[in-house]
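Visitor: Before anything else, here's the structure in question.
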Amino acid sequence: MASEFPRHLLDIESLRREQIEEVLGLAGRFKRERAAARAGKARAPRHQILPGRIVVTLFFEASTRTRSSFEVAAHALGAEVLSFQKDASSVTKGESLQDTVRNLEAIGADVLVVRHPAAGAPRAIARAVRASVINAGDGAHEHPTQALLDALTLREKLGTLEGKVISIVGDIAHSRVARSNVHCLSKLGSRVRVAGPSTLLPAGVEKLGCEVARTLPDALRDADAVMMLRIQQERIADARIPGTRDYARVWGLSARTLELLPPRAVVLHPGPVNRGVELSSEVMDGERSLVMDQVDSGVAVRMATLALCLGAA
Ligand code: CP
């Protein structure tokens with residue numbers, strides 16, 4: 001069936017709720033199939049949805065989860081994967097971003113999965129090529145597949161996102177994850193609350209459609225879930241907090257501060273986690289943590305977005 005899903009996935013802000021629901025529905029099916037195969041209850045799913053298609057992962061910033069799960073997702077759909085390595089490429093000889101992507105398209109790329117430190121780089125690439133472009137994180141702008149995998153994980157755990165209170169705590173100012181999640185969870189009917197040191201909260205953040213809490217207890221009280229974020233040191237030129245020990249004491253989620261969260265509420269983190277800073281090991285590895293489930297959801301969500309962007313679902 002032909003899909004109305006956009007050819008590019010550049011942000012959550014411009015997606016309609018029904019398009020988000022389409023990703024989550026398909027991703028949920030892929031996730032259940034993968035789980036059944038892992039449990040030995042079914043053969044490993046072989047979706048030859050993208051045979052002969054070439055998916056290029058083009059990362060200008062480091063990644064463990066996003067690049068790996070896009071590559072596993074592409075293989076699972078029968079596509080070929082080309083893992084572009086910036087430091088071994090002609091970017092080091094001065095080739096421009098536009099020339100790089102045009103050459104990759106001439107080699108056969110059908111999809112460019114792009115992570116870049118500059119906000120707007122995936123959109124600029126989308127203007128330069130005919131291939132689909134998926135934003136895998138651009139500066140402090142958006143990380144749409146992270147928000148989609150968070151929504152899938154939360155919806156499976158909470159049953160629905162409608163009316164749920166989801167708190168996002170940490171470095172909101174520099175977080176593309178926070179921005180995409182505010183848009184995504186709000187569109188799905190949740191009340192989104194952000195909290196962090198005033199130096200790490202962008203002015204006018206309420207305009208994104210979220211509430212603001214000024215303390216960790218205020219962020220955790222009556223929340224159904226809390227998403228802890230690391231401080232994005234790579235995007236901060238000056239010191240915004242007195243030190244990590246002080247930050248952990250005031251804003252970190254530990255066995256002590258977890259008591260402030262309602263008993264059934266769950267804990268998320270997009271990774272990478274700075275253990276002992278925003279999240280203690282006890283909480284990270286505890287029974288209320290959904291961190292590894294988020295990573296599992298990531299493969300399914302990336303399978304769904306690849307299939308939908310290429311009109312193959
Ligand atoms: N959450 C996330 O984007 O992780 P990576 O930086 O490891 O891809």
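The values are calculated or read from the model by the stated rules, or taken from the named source; none is laboratory data. No experiment lies behind these values; they were computed from the predicted model shown. Backbone-built Cβ (ideal geometry, glycine too); neighbour counts: all protein chains shown. The accessibility values were calculated without ligands, DNA or RNA, using every heavy atom of the protein model including side chains. Shrake-Rupley method; radii C 1.70, N 1.55, O 1.52, S 1.80 Å.
Visitor: How high is the relative contact order of region 45-104? Use alpha-carbon pairs under 8 Å, at least six apart in sequence, and give a whole percent.
Guide: Numbers: 66 pairs, mean separation 24.2, N = 60.
40 percent.
Visitor: For Arg288, what is the net charge nearby, where nearby means another residue's Cβ is under 13 Å from its Cβ and Lys, Arg count +1, Asp, Glu -1?
Guide: Values: positive: Lys157, Arg264; negative: Asp224, Glu259, Glu282, Asp285, Glu287, Asp293.
Counting the neighbours of Arg288, the net charge comes to -4.
Visitor: Under a straight-distance cross-link criterion of Cα-Cα below 30 Å, which lysines are reachable from Lys164, leaving out those fewer than 8 residues away in the same chain?
Guide: The reachable lysines, counting only those whose Cα sits under 30 Å from Lys164, are Lys31, Lys187, Lys207.
Visitor: Compute the Cα gyration tensor for region 111-242, then decide on rounded, prolate or oblate, letting a ≥ b ≥ c be the square roots of its eigenvalues: rounded whenever a/c is under 1.5, prolate when a/b is larger than b/c in the other cases, and oblate in all that remain. Intermediate values should be presented prior to the final figure.
Guide: On the way: a/c = 2.36, a/b = 1.28, b/c = 1.85.
Taking the square roots of the gyration eigenvalues as a ≥ b ≥ c, region 111-242 is oblate.
Visitor: Using a Gaussian network model of the chain whose springs link C-alpha atoms within less than 10 Å, name the residue from Val111, Val133, Val250 with the highest mean-square fluctuation.
Guide: Residue with maximal mean-square fluctuation among Val111, Val133, Val250: Val250.
Visitor: Let me ask something else about it. Pick from Ala37, Ala223, Ala248: which residue has the top mean-square fluctuation in a GNM of the chain where Cα pairs under 10 Å get a spring?
Guide: With Cα springs under 10 Å in the chain, the top fluctuation among Ala37, Ala223, Ala248 is at Ala37.
Visitor: Whole-Hz ³J(HN,Hα) for each residue in region 202-212, computed from phi via Karplus 6.51 cos²θ - 1.76 cosθ + 1.60 with θ = phi - 60°, x for glycine and proline: what do you get?
Guide: Once θ is set to phi - 60°, the couplings for region 202-212 become x, 4, x, 4, 4, 5, 6, x, 10, 8, 10 Hz.
Visitor: Quick one: what are the phi-derived ³J(HN,Hα) couplings along region 226-237, Karplus 6.51/-1.76/1.60 with θ = phi - 60°, whole Hz, x for glycine and proline?
Guide: 10, 10, 8, 10, 7, 7, 7, 3, 5, 10, 10, 7
Visitor: Would you list which aspartates and glutamates come within 14 Å of Lys157, measuring only between C-alpha atoms, while excluding same-chain residues fewer than 8 positions from it?
Guide: Asp224, Glu287, Asp293, Asp296
Visitor: Heavy atoms only, probe 1.4 angstrom, no DNA, RNA or ligands counted: give me Leu260, Leu308, Leu26, Leu82 ranked by accessible area, highest first.
Guide: Numbers: Leu260 80, Leu308 5, Leu26 25, Leu82 55 Å².
Largest accessible area first, the list is Leu260, Leu82, Leu26, Leu308.
Visitor: Cα extents of the chain along the three principal axes, largest first, in whole Å?
Guide: In descending order, the Cα extents are 53, 50, 33 Å.
Visitor: Moving on to the next point. Write out the trypsin sites (Lys or Arg not before Pro) in region 130-234 meeting two conditions: DSSP loop, and at most 16 other Cβ atoms within 10 Å of their Cβ. Can you show the working numbers first?
Guide: Working: sites: Arg130, Arg155, Lys157, Lys164, Arg176, Arg179, Lys187, Arg191, Arg193, Lys207, Arg214, Arg221, Arg230; in loops: Arg130, Lys164, Arg214, Arg221, Arg230.
Within region 130-234, the qualifying trypsin sites (Lys or Arg not before Pro) (loop, at most 16 other Cβ atoms within 10 Å) are Arg130, Arg214, Arg221.
Visitor: Search the structure for amide H atoms under 5 Å from the amide H of Met227, placed 1.01 Å from N in the peptide plane, and list their residues when 5 or more places away or on another chain.
Guide: The list, which skips near neighbours in sequence, is Ser167, Ile168, Val169, Leu268.
Visitor: Write down the accessible area per residue of region 199-313 in Å², having rolled a 1.4 Å probe over the full set of protein chains. Display every interim value, and only then the final one.
Guide: Numbers: 5340 Å² over 115 residues.
Accessible area per residue: 46 Å².
Visitor: Right, here's the next one. DSSP H helices in the chain with Cα extent of 18 Å or more along the helix axis and mean Kyte-Doolittle hydropathy at least 0.5?
Guide: Working: long enough: 17-38 (31 Å, -0.84); 144-158 (21 Å, 0.05); 291-309 (26 Å, 1.01).
TM-like helix candidates: 291-309.
Visitor: Let me ask something additional. Using a Gaussian network model of the chain whose springs link C-alpha atoms within less than 10 Å, name the residue from Glu206, Glu105, Glu22 with the highest mean-square fluctuation.
Guide: Maximum among the listed residues: Glu206.
Visitor: Tell me the carbon and sulfur percent of the accessible area for region 90-231, rounded to whole percent, probe radius 1.4 Å. Let's see the in-between values first.
Guide: Working: 2370 of 4910 Å².
Solvent-exposed carbon and sulfur of region 90-231 make up 48 percent of the total.
Visitor: Give me the percent relative contact order of the chain, please, defined on Cα pairs under 8 angstrom at least 6 residues apart. Mind dumping the intermediate values first?
Guide: Details: 606 pairs, mean separation 69.4, N = 313.
Relative contact order, the chain: 22 percent.
Visitor: For Lys164, enumerate residues with amide H under 5 Å from its amide H, sequence gap 5+ or separate chain, H modeled in the peptide plane.
Guide: For Lys164, whose amide H was placed from the backbone, the distant partners under 5 Å are Arg191.
Visitor: What GluC sites (Glu not before Pro) in region 216-292 are in a loop by DSSP, with at most 10 other Cβ atoms within 10 Å of the Cβ? Could you put the intermediate results ahead of the total?
Guide: Values: sites: Glu234, Glu259, Glu278, Glu282, Glu287; in loops: Glu259, Glu278, Glu287.
Within region 216-292, the qualifying GluC sites (Glu not before Pro) (loop, at most 10 other Cβ atoms within 10 Å) are Glu259, Glu287.
Visitor: Another question, then. On a C-alpha basis, how far is the centre of region 102-168 from the centre of region 203-272 in Å? Whole number, if you could?
Guide: If we compute the Cα centre of each part, the gap is 23 Å.
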